[in-house]
Amino acid sequence: MAALAIGSNRVLTIGFLLSILFLFPQEFAPSVLFFGIFRFLTGISNAALFPSVQTLLAKGTPDNSTGMAFSLAGYWNLYWIYLR
């Protein structure tokens, strides 16, 4: 619902910046607890990215091509997860 109030572009930008901000301290975490906290915060910020990308994908494609765009995006995600 936050994306409706402030916009998908802004949620995407903030989520991406927070993801970067929480990703780098993981390397220098002094204990497993701090590492887990940074991983959790990175996961929260990444959770903001996926719905925003899907919203922008749905807005940016013509009505007759939306299904094809989502199927290609799903294939792209599966490629990076399983086939790499």
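Derived scalar couplings between HN and Hα for the range 36-46 equal x, 5, 5, 5, 4, 5, 5, x, 5, 5, 5 Hz in order, rounded to whole Hz, by the Karplus curve 6.51 cos²θ - 1.76 cosθ + 1.60 (θ = phi - 60°), x for Gly and Pro. For the range 17-25, 3J(HN,Hα) computed residue by residue from phi via the Karplus equation (6.51, -1.76, 1.60; θ = phi - 60°) reads 5, 5, 4, 5, 4, 8, 6, 5, x Hz, glycine and proline entered as x.
Between the amide H of residue 61 and any residue lying 5 or more places away or on another chain, no distance stays under 5 Å, with hydrogens modeled in the peptide plane.
Where a number appears in this text, it was derived from the coordinates with a stated rule and is not lab data. Since the model is a prediction, treat every value here as computed from it, not as a measurement.
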